[in-house]
Amino acid sequence: MRPGEERSLLHDLPRLALLGLGACFILLPYVWMFAASLKPGSEIFRDSLTLWPERFYAIENYGKALSEVPMLRFLFNGALVCALILVFQMLFAVPAAYALAKLRWRGREFLFGLIMLGLLIPYHVPALPLYVVFARAGLLDSFAALVLPFTISVFGIFLFRQAFKSLPDELIHAARMDGMSELSIVWRVIMPNAWPAATAFATFSIVAHWNDLFWPLIVVQSHAMATPALGVLFFRAEEAGNDVGALMAAAVMVTAPMIILFLLAQRRFIQGIATAGLKG
């Protein structure tokens, strides 16, 4: 190690130690949840806190979570709903962001301002009128009710617009000289150069809708259509009761896919967020 690198490491050591301590503090609830999923109920609330169980009870806890309610069905519903929402959001957000970032037309900045105002409206606000619409259309307790309200993402339009503005205009001019249409430029030229932003948006979208409880709690009425977060609520209310170990096992199964997803997409996620902030 060179002297300059050693000084840099010593300079960063307090910051790294603080970040490490913060990470441990944030991970502590998840570590406790995983440890509780391995224990029988008699060990979870003992006076002495130990992470590793004296009696390994994982098979019973995870077996109950999988057998008492259709947990795999809940996970499948969550994956399908998140995938459909993401596909529709990309189909709408990417062309809209391209038009706002790279095309010149009257009223562009005004429309972008209106889109930014949309970020200030909580999605809970239109919940009641949306519920009435789906109820009158007979679409409650269906994938349509879970997916359609989220097909247009204001945040997605903003994120992709910022990422597209950082791309050189010469790239688009060259594609137009080759005879490509604007739609072809969007999907064959712009998107391959904006994968970090796409990964960041996909991570935000999937995590948000995988963990969403508010909207599924309103429109879902049966176990067959429950998403993961709602499935855990059903499991607690109907089967788990005071069985905290089985409930923690169900919670681990619901949260583990999101943790794995973020770890796999971490590098491009950070690149996407950094790229989105390059130009205003």
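Residue count for segment 205-214 satisfying the condition of being buried (at least 21 other Cβ atoms within 10 Å of the Cβ) and within 20 Å of residue 128 (Cα to Cα): 2.
This table checks each residue for (1) in contact with a Lys or Arg (Cβ under 9 Å, 6 or more places away or on another chain); (2) within 30 Å of residue 168 (Cα to Cα).
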| residue | (1), (2) |
| --- | --- |
| 36 | no, no |
| 42 | yes, no |
| 55 | yes, no |
| 78 | no, no |
| 96 | yes, yes |
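Scanning segment 81-105 for residues that are farther than 20 Å from residue 183 by Cα and out of contact with any Phe, Trp or Tyr (no Cβ under 6 Å at 6 or more places or on another chain) yields 81, 83, 84. Is one or more of the residues making up segment 92-104 of a type in the set (D, E, K, R) and without any contact (Cβ under 8 Å) to a residue 24 or more places away in the chain? Among the residues of segment 92-104, at least one is of a type in the set (D, E, K, R) and without any contact (Cβ under 8 Å) to a residue 24 or more places away in the chain, which makes the answer yes.
Condition check ((1) out of contact with any helix residue (DSSP H, G or I) (no Cβ under 8 Å at 6 or more places or on another chain); (2) at pLDDT below 95; (3) small (Gly, Ala, Ser)) across all residues:
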{"site": "199", "(1), (2), (3)": "no, yes, no"}
{"site": "213", "(1), (2), (3)": "no, yes, no"}
{"site": "224", "(1), (2), (3)": "no, yes, yes"}
{"site": "228", "(1), (2), (3)": "no, yes, no"}
{"site": "233", "(1), (2), (3)": "no, yes, no"}
{"site": "237", "(1), (2), (3)": "yes, yes, yes"}
{"site": "243", "(1), (2), (3)": "no, yes, no"}
{"site": "247", "(1), (2), (3)": "no, yes, no"}
{"site": "251", "(1), (2), (3)": "no, yes, yes"}
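For segment 96-140, the tally of residues that are exposed (fewer than 10 other Cβ atoms within 10 Å of the Cβ) and either of a type in the set (Phe, Trp, Tyr) or in contact with a Ser or Thr (Cβ under 9 Å, 6 or more places away or on another chain) (or both) stands at 2. Residue-level check: of (1) buried (at least 16 other Cβ atoms within 10 Å of the Cβ); (2) modelled with pLDDT under 85; (3) small (Gly, Ala, Ser), residue 48 misses just (1). Residue 192 passes every criterion in (1) within 26 Å of the chain's Cα centre (by Cα); (2) in contact (Cβ under 8 Å) with a residue 12 or more places away in the chain apart from (2). Within segment 43-56, residues that are of a type in the set (Phe, Trp, Tyr) sit with their Cβ atoms under 7 Å from residues that are assigned to a loop (DSSP other than H, G, I, E, B), at 6+ positions apart or across chains, in these pairs: 56/38.
In segment 186-200, the condition of being surrounded by fewer than 15 Cβ atoms within 10 Å (Cβ to Cβ) and farther than 27 Å from residue 263 by Cα is met by at least one residue.
Yes or no, residue by residue, for (1) of a type outside the set (Ser, Thr, Tyr); (2) in contact with a His (Cβ under 9 Å, 6 or more places away or on another chain); (3) at pLDDT 90 or above:
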| position | (1), (2), (3) |
| --- | --- |
| 145 | yes, no, yes |
| 153 | no, no, yes |
| 156 | yes, no, yes |
| 160 | yes, no, yes |
| 165 | yes, no, no |
| 169 | yes, no, no |
| 182 | yes, no, no |
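Filtered by the rule that a residue be at pLDDT below 80 and part of a loop (DSSP other than H, G, I, E, B), segment 1-43 gives 1, 2. Any residue at all in segment 228-250 that's within 27 Å of residue 108 (Cβ to Cβ) and of a type in the set (Phe, Trp, Tyr)? No, segment 228-250 contains no residue that is within 27 Å of residue 108 (Cβ to Cβ) and of a type in the set (Phe, Trp, Tyr). For segment 167-185, the set of residues classified as of a type in the set (D, E, K, R) and free of Cβ contacts under 8 Å to residues at least 60 places away in the same chain consists of 170, 176, 178, listed by residue number. Within segment 141-166, the set of residues being surrounded by fewer than 18 Cβ atoms within 10 Å (Cβ to Cβ), hydrophobic (A, V, I, L, M, F, W, C) and touching a residue at least 40 places away in the same chain (Cβ under 8 Å) comprises 143, 152, 155.
The values are calculated or read from the model by the stated rules, or taken from the named source; none is laboratory data. Since the model is a prediction, treat every value here as computed from it, not as a measurement. Quick reminder, even Gly has a Cβ in these numbers, built from the backbone with ideal geometry, and neighbours come from all protein chains shown.
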